[in-house]
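Report on the structure given below.
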Amino acid sequence: MARISGGIATSHVPAIGAAFDLGKTEEPYWKPIFEGYEYVKEWIKDNTPDVVILIYNDHASSLMLDIVPTFALGFAEKFESADEGWGRRPVPVVENHLDLAAHVAEQLVIDEFDITLINEMDVDHGCTVPLSLVFGDVEEWPCKVIPLAVNVTQFPTPSGERCWKLGEAIRNAVKTFPEDLNVQVWGTGGMSHQLQGTRAGLINEEFDNRFLDLLAHEPEELKYITRLEYLREAGTEGIEMIMWLIMRAALGYGVEEKHRFYRVPASNTAVGHVVYESKS
Amino acid sequence: MARISGGIATSHVPAIGAAFDLGKTEEPYWKPIFEGYEYVKEWIKDNTPDVVILIYNDHASSLMLDIVPTFALGFAEKFESADEGWGRRPVPVVENHLDLAAHVAEQLVIDEFDITLINEMDVDHGCTVPLSLVFGDVEEWPCKVIPLAVNVTQFPTPSGERCWKLGEAIRNAVKTFPEDLNVQVWGTGGMSHQLQGTRAGLINEEFDNRFLDLLAHEPEELKYITRLEYLREAGTEGIEMIMWLIMRAALGYGVEEKHRFYRVPASNTAVGHVVYESKS
Amino acid sequence: MPRTRLYSLDELDDIPGTKVFRARESRQAYHLHKFCMSLMKEENRKAFKEDERGYLDQYAMTEEQKEAVLERNLTKLIDLGGNMYFLVKIASTDGWSAQKAVSSMSGMSAEEYAQMMLAGGRSPEGLRSIRDKN
Amino acid sequence: MPRTRLYSLDELDDIPGTKVFRARESRQAYHLHKFCMSLMKEENRKAFKEDERGYLDQYAMTEEQKEAVLERNLTKLIDLGGNMYFLVKIASTDGWSAQKAVSSMSGMSAEEYAQMMLAGGRSPEGLRSIRDKN
Ligand SMILES: [Fe+3]
Ligand SMILES: [Fe+3]
């Protein structure tokens, strides 16, 4: 049987991807950020999953103009890196695990999630920057990836509670997949940031750190943070943290926090990152 | 406050649209079918709604290839008739009621429906044939229309129970819209038909009539019909009847059946049609 | 608690003469379906009719799928992953009615099929389940 | 029973210097955003840079939106319905960093903004609510 063995959460700032691609990781601005990922790069060597279910949001690359799904599950065989305006990131193609994706899709619909199936799309920095941070500069990603995109932009966006339930349902779906697979769930995005208006550059270290404190062992409290509260406290794009909730719920009750990292800033954003192992 | 005053269900066979557009309504094959809609054409004159929420399925016109939403809510200002391979039907443009659509979207997401917002699409015969049957040959549709498309084709498709709950949630959403609006909910598609293989042409009059019998006053029994049962009993495309369940649930407990019509065949399909008025 | 499955997915394969459109088919027929949807524009229908083979060669379909399109073999196209909501656009391009297109898979002539429909359609008796023969 | 709203939608307008991307904005900026997404192809970026006005005239944007694009006035584009995830593609086409693009709305110079970020970013104190002034 398949099982969810652990999870990773991380911010997915495009500028981090650019620094990675341009070999700037040793520059004074970027070095302390990339050092925050030294742990996970070692950890993943002993904990390479067969499949990552990667929860992220699309940034007007594939899913925000004509069709805006609340929850979109990748159903294509592979996903190319999107050209977000400065060329495609030179990273490997993301390859899907179609059998698990089909199983998860079916179980989620049985569990009354109204997911959208994506037969063709490019994946943007929300998906590829975390892969680079964890796996480094590789020829091929060492595992399959099922991308699951969440609408965090066009109103209305899903609640924290709904995201939590989705994570639980993903956990149940993986558990009932008959093949023996080691699955991780990653949540990307956040932490506090605002990319618009006279309030641009907002960072709320207190909010972010409280979120990190509660996420491991008291995540229930985080479910009830509304979009309004994210907007007020963590900026217009701070709501990306709901992707972390999906990851956390997919891991079940007990987790061990293997690593935590927080730093301000990367470009406009506070960078947060955790590594959890499931206990159950 | 807005209220749902009634509902219509009807099959949406493309050949009926073609017969309508080509002026064949008096031909012996088509006359008995169009006669089945004489009642509703009169009824609608006294019961013209401000807005129709029109539940249908897309037939590989806009929503089946790259992106397959379980429930897709039309958010564009207007929707053109799709060219399904023989030119666009010469019918008026479908105009949305954006304020109500935005309100319904918001309430549905609060009620934990993971809808997909559609900012641009063409609508096919699933939407335009019922409009023609009810309103006839007009210069403009006499009301606004919010199209809501359901995936009934690519597995997994939503259950009857989930569709029922969606109808209830639509009812609640409309009720809380502050403007005074007369809203109808229409469900289109079905009845039994199969458009593939050596079983093509399957018609199950008994199943269809039992569905029509129960829909008005004992619809709960219909919620539990699985996709498998629709496939076995009503053909591969018979599952389109789940759109009727959404309509029915949106009308609340008590309805009066003002009209019922059933005839075999139109092209490959059994044609069913009902008109309900809400009592609550 | 998660809801339990109401039926095993294998049962979807237990219906005589019927193929359910699942993830596998959706992948298998992706480029075939892209071709079908291109026929939603008049200029593409024209280009296809002027040079069918050349037009098909623009799409990353399998050779088998291309040949089945050229033969208008809908039975084979369904077998190769196709779904009728896409495939019917080929029939429309040819000016075929949906009934004629569907009848071509039925094992009957178009006339026999039309007669069967007029007489109330095909009965589900004996066609519900391969296993249960009902 | 339906769930009740956790907050009134009017509260989304109560946050200083902030515009939430709703249905209205999504409609208002549809063609502007179509233009932005066209910049996801190198040949389009080239065509845009060669003749900005001519390129914009291919899109059904309002004149105001076109002028704001020509001026690279992101504040105005947000006001005209734009969302930054789309608009940032204009900045990328210009070779601007996201930080420079965002700073252009902040009421500070790019240098001041960069310094503020290095010093820990903008504090939320006093910027949570117009009404509550907190
Ligand atoms: Fe992001
Ligand atoms: Fe249909």
Among the aspartates and glutamates, select those whose C-alpha is under 18 Å from the C-alpha of C:Lys133, and discard any that sit fewer than 8 residues away in the same chain. B:Glu229, B:Glu233, C:Asp10, C:Glu11, C:Asp13, C:Asp14, C:Glu125
Label 7 Å beyond Cα on the Cβ vector: A:Gly87 copy-to-copy distances, nm: 4.9
Mean Cα-pair separation over length for chain A, i.e. relative contact order, pairs under 8 Å, 6 or more apart, %: 31
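Considering only Cα-Cα distances, which of the following residue pairs are longer than 22 Å: C:Lys19/C:Lys41; C:Lys34/D:Lys49; C:Lys46/C:Lys89; C:Lys66/C:Lys89; A:Lys31/D:Lys41; B:Lys41/B:Lys258? Display every interim value, and only then the final one.
Numbers: C:Lys19/C:Lys41 28 Å; C:Lys34/D:Lys49 32 Å; C:Lys46/C:Lys89 13 Å; C:Lys66/C:Lys89 15 Å; A:Lys31/D:Lys41 31 Å; B:Lys41/B:Lys258 13 Å.
From the list (C:Lys19/C:Lys41; C:Lys34/D:Lys49; C:Lys46/C:Lys89; C:Lys66/C:Lys89; A:Lys31/D:Lys41; B:Lys41/B:Lys258), the Cα-Cα distance tops 22 Å for C:Lys19/C:Lys41; C:Lys34/D:Lys49; A:Lys31/D:Lys41.
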Straight-distance crosslink candidates among aspartates and glutamates, where the alpha carbon sits under 15 Å from A:Lys175 and sequence neighbours closer than 8 are dropped: A:Asp50, A:Asp99, A:Glu106, A:Asp111
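Please rank A:Ile110, B:Ile242, fewest neighbouring Cβ atoms within 10 Å first, as an exposure proxy. Walk me through the numbers on the way to the answer.
Working: A:Ile110 20, B:Ile242 29.
In increasing order of surrounding Cβ atoms, one gets A:Ile110, B:Ile242.
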Students often forget the sequence filter, so: which aspartates and glutamates lie under 12 Å Cα-Cα from B:Lys223 once same-chain residues fewer than 8 apart are removed? B:Glu161
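Please report D:Ser8, C:Ser106, B:Ser278 as a ranked list, fewest other C-beta atoms within 10 angstrom at the top and most at the bottom. Before the final figure, lay out the partial values.
Details: D:Ser8 10, C:Ser106 24, B:Ser278 19.
The order, fewest Cβ neighbours first, is D:Ser8, B:Ser278, C:Ser106.
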Relative to the other copies, what are the label-point distances for B:Glu42, with labels 7 Å from Cα along the C-beta vector, expressed in nm at one decimal and sorted shortest first? 8.5
Given Cα positions, please report Rg to Rh for segment D:20-95, the hydrodynamic radius being the Kirkwood one. 0.93
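Average projected area of the Cα convex hull of segment A:119-277, in nm²?
Working: hull surface 41.9 nm².
Its Cα hull, projected and averaged over all orientations, spans 10.5 nm².
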Between segment B:260-276 and segment A:94-157, how many Å separate their Cα centres? 42
With segment B:3-278 reduced to its Cα atoms and the Debye formula applied, log10 I(q)/I(0) at q = 0.10, 0.11, 0.12, 0.16 1/Å amounts to -0.44, -0.54, -0.66, -1.29
Could you tell me what percent of the DSSP beta bridges with both partners in segment B:45-170 are antiparallel, to the nearest 5? 40
To check you understand DSSP bridge types, tell me what percent of the beta bridges within segment B:3-278 (both residues inside) are antiparallel, rounded to 5. 50
Could the peptides B:56-63, A:150-157, A:133-140 be put in order, highest first, of the mean number of other beta-carbon atoms found within 10 Å of their residues? B:56-63, A:150-157, A:133-140
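Could you calculate the FRET efficiency of B:Glu257 with D:Leu118 from 1/(1 + (r/R0)^6), where r is the beta carbon distance between them and R0 is 45 Å, rounded to 0.05? List each step's numbers first, then the result.
Values: r = 70 Å, r/R0 = 1.57.
Once the sixth-power term is evaluated, E becomes 0.05.
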The simple spin-label model distance between A:Lys41 and A:Glu139, using points 7 Å out along Cα→Cβ, in nm, is 2.0
GNM, chain B, Cα, under 10 Å: largest mean-square fluctuation among B:Val109, B:Val185, B:Val123? B:Val109
Would you list C:Thr18, B:Thr116, B:Thr226 from fewest to most Cβ contacts within 10 Å? B:Thr226, C:Thr18, B:Thr116
Measure nothing but the geometry: give the 0 to 90° angle between the long axis through the Cα atoms of C:84-93 and the longest principal axis through the Cα atoms of chain C, rounded to 10°. 30
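So what is the calculated 222 nm ellipticity per residue for the protein assembly as shown, using -39500 (n - 2.57) for each DSSP H run with n of 4 or more, over all residues, to the nearest 500 deg cm²/dmol?
Rounded to the nearest 500, it is -11000 deg cm²/dmol.
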So, by mean Cβ neighbours within 10 angstrom, what's the order for A:80-90, D:31-41 with the highest one leading? D:31-41, A:80-90
Cα centroid distance between segment D:41-110 and segment A:178-242, in Å? 28
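How crowded by other chains is A:162-169, given as the mean number of beta carbons from other chains within 10 Å of each beta carbon?
Working: counts 6, 0, 0, 1, 2, 0, 2, 2.
The shielding value for this peptide is 2.
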Sort A:39-48, B:188-197 for me by packing, meaning the mean count of neighbouring Cβ atoms within 10 Å per residue, highest on top. B:188-197, A:39-48
From the Cα trace of the protein assembly as shown, what convex hull volume per residue do you get, rounded to a whole Å³? 159
Inter-chain shielding of C:101-113 (mean C-beta neighbours from other protein chains, 10 Å cut-off): 3
Averaged over D:36-47, number of beta-carbon atoms from partner chains that fall within 10 Å: 3
DSSP bridge orientation in the protein assembly as shown - percent antiparallel, rounded to nearest 5: 50
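Every read-out reported here was derived from the displayed coordinates using simple, explicitly stated rules and does not represent laboratory data. Being a predicted model, the structure only gives us computed values, none of them experimental. Heads up, the Cβs are rebuilt from the backbone with ideal geometry, glycines too, and the neighbour counts pull from every protein chain shown.
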